[in-house]
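Here is the structure we will look at, set down as structure tokens.
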Amino acid sequence: MALANPHPRLLDLASWLTPAFYIDFGRPCNSACLYCAVPPHEDAQGFLPVAEVEAIVDAGVRCGCDRAILIGGEPTIYPHLPQVLQTLASAGLARHIVMTNGLRLADPAVVTMLANNGVGTVHLSIDTWEAATYDRLSRSTGKLPQQLAALRNVLREPRLNLYLYTATTALNAVGLPALLRGLRVESDAAQVVPPPVVLAVVKPLGDALRHADQLLLAPEVAVDHVRAAVGLGDELGIAVGHRNLQACLAPDLVDRNVDYYLDDFSVQVATGHRLPFSHGEYWYKLPTCDDCGHRDLCVGLYRETARRSGEACYRPIARQGLA
């Protein structure tokens, strides 16, 4: 842990997610989010063949992981999901994570099935409390009530940890206060502590790059929205973290930077050695980044964001917030 004073609720969140390996079911999805980094319409392969799951589970176990993170696309529409959960159970693994848009979790039976079969955490993507904004972001009509029903169902399932993951864009940033207040109301109704919320400032990748004119926030604007949401969250008793904001933009929010709580990387299974990070095409570092106390933790600048907003706001800082 690199942080001097980590937030207890974000430490909890990190403990729910690690140590885990991914099972990627492919890009098929029951939504079409405007900001998706892995757009379903670009997929030519369909779902992951279920015959490949056992080898993936074996690799995860060999790398020292004790749970899986189920991703897509949308993992809850994977036709062999119960079989995958049984394969994980047979390997002695539990406490898995499902990263979902929640539409299928509007059915309480699906929530119960997940909890009965080794899932311990739900990463629920909810971007807004406003129907019109949801329709625009999801490129669908009238589905927000399903997401909110899913939220209520998961809040009321005591076997599941929950956190909300909110893609933060120019379309929904002004509605973040309404989302946090709505979450507080629903948590009170369920008589539970409000789950953490992670504000993931949208990255210029995939469809988010295609629709960048509608979606991208200037870095300083993104920081203002996130800082206000963190403050309101503290007032409401909700732990608000963020992703994809460089520490130099908001040294005061370093303890809320979820990227500093998690270490997401690939390994060569046979040796356990880390593989070089493959995403350098999307970001870079300035020469002045060498003078920053956060250099080794920060991925740098997203190329498209810097192209649009410039580099002037990125200035080296000391080791604020670090142990």
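The numbers here are math on the coordinates, done by the rules we state, and not lab data. Remember, it's a predicted structure, so these values are computed and weren't measured experimentally. Glycine gets a Cβ as well: all are built from the backbone with ideal geometry, and neighbour counts include every protein chain shown.
Within region 72-105, the set of residues being part of a loop (DSSP other than H, G, I, E, B) and over 30 Å from Lys143 (Cα atoms) comprises Ala91, Gly92, Leu93, Ala94. So which residues in region 105-123 are of a type in the set (S, T, N, Q) and more than 22 Å from the chain's Cα centre (by Cα), if there are any at all? Across region 105-123, the qualifying residues are Thr112, Asn116, Asn117. Given the criteria of a type in the set (A, V, I, L, M) and more than 23 Å from Cys65 (Cβ to Cβ), does Ala4 qualify? So Ala4 fits the description; yes. I need the full set of residues from region 117-128 which are surrounded by fewer than 21 Cβ atoms within 10 Å (Cβ to Cβ) and outside any strand (DSSP E or B), in order please. Matches in region 117-128: Asn117, Gly118. Selection within region 1-18: residues that are under 16 Å from the mean Cα position of the chain (by Cα) and not small (Gly, Ala, Ser). The member of this set that is surrounded by the fewest Cβ atoms within 10 Å (Cβ to Cβ) is Leu11. Restricting region 273-298 to residues that are in a loop (DSSP other than H, G, I, E, B) and in contact (Cβ under 8 Å) with a residue 24 or more places away in the chain, the residue that is farthest from Cys63 (Cα to Cα) is Leu286.
Just name the residue that is farthest from Glu220 (Cα to Cα) out of those in region 307-323 that are in contact with a strand residue (DSSP E or B) (Cβ under 8 Å, 6 or more places away or on another chain) and of a type in the set (A, V, I, L, M, F, W, C). Explain how you work it out, then say what you get.
So in region 307-323, the residues in contact with a strand residue (DSSP E or B) (Cβ under 8 Å, 6 or more places away or on another chain) come out as 311, 314, 321-323.
Right, trim to of a type in the set (A, V, I, L, M, F, W, C) and you get 322-323.
Values: Leu322: 22, Ala323: 26 Å.
By that ranking, first place goes to Ala323.
Only residues that are closer than 20 Å to Arg256 by Cβ and surrounded by 15 or more Cβ atoms within 10 Å (Cβ to Cβ) were counted in region 306-318, giving 3. Residues in region 255-291 that are buried (at least 18 other Cβ atoms within 10 Å of the Cβ), out of contact with any His (no Cβ under 8 Å at 6 or more places or on another chain) and under 30 Å from Leu180 (Cα atoms): Asp259, Tyr260, Tyr261. Looking only at residues of region 19-71 that are out of contact with any helix residue (DSSP H, G or I) (no Cβ under 6 Å at 6 or more places or on another chain), assigned to a loop (DSSP other than H, G, I, E, B) and of a type in the set (Gly, Ala, Ser), we find that the one that is nearest to Tyr302 (Cα to Cα) is Ala32.
Looking across region 271-319, just one residue is among the aromatic types (Phe, Trp, Tyr) and under 21 Å from Asp255 (Cα atoms), and that is Tyr314.
Report whether or not Gly60 is in contact with a Pro (Cβ under 7 Å, 6 or more places away or on another chain) and not hydrophobic (A, V, I, L, M, F, W, C). Judged against the criteria, Gly60 is not a match.
Scanning for something charged (D, E, K, R), under 24 Å from Arg295 (Cα atoms) and under 19 Å from the mean Cα position of the chain (by Cα), does region 208-229 turn up at least one residue? The answer is yes, given that some residue of region 208-229 is charged (D, E, K, R), under 24 Å from Arg295 (Cα atoms) and under 19 Å from the mean Cα position of the chain (by Cα). Entry remark, region 208-238: residues being in a helix (DSSP H, G or I) and over 20 Å from Arg256 (Cα atoms) number 7 in total.
Scanning region 59-75 for residues that are acidic (Asp, Glu) and either in contact with a Leu (Cβ under 7 Å, 6 or more places away or on another chain) or within 17 Å of Gly118 (Cβ to Cβ) (or both) yields a single hit, Asp66.
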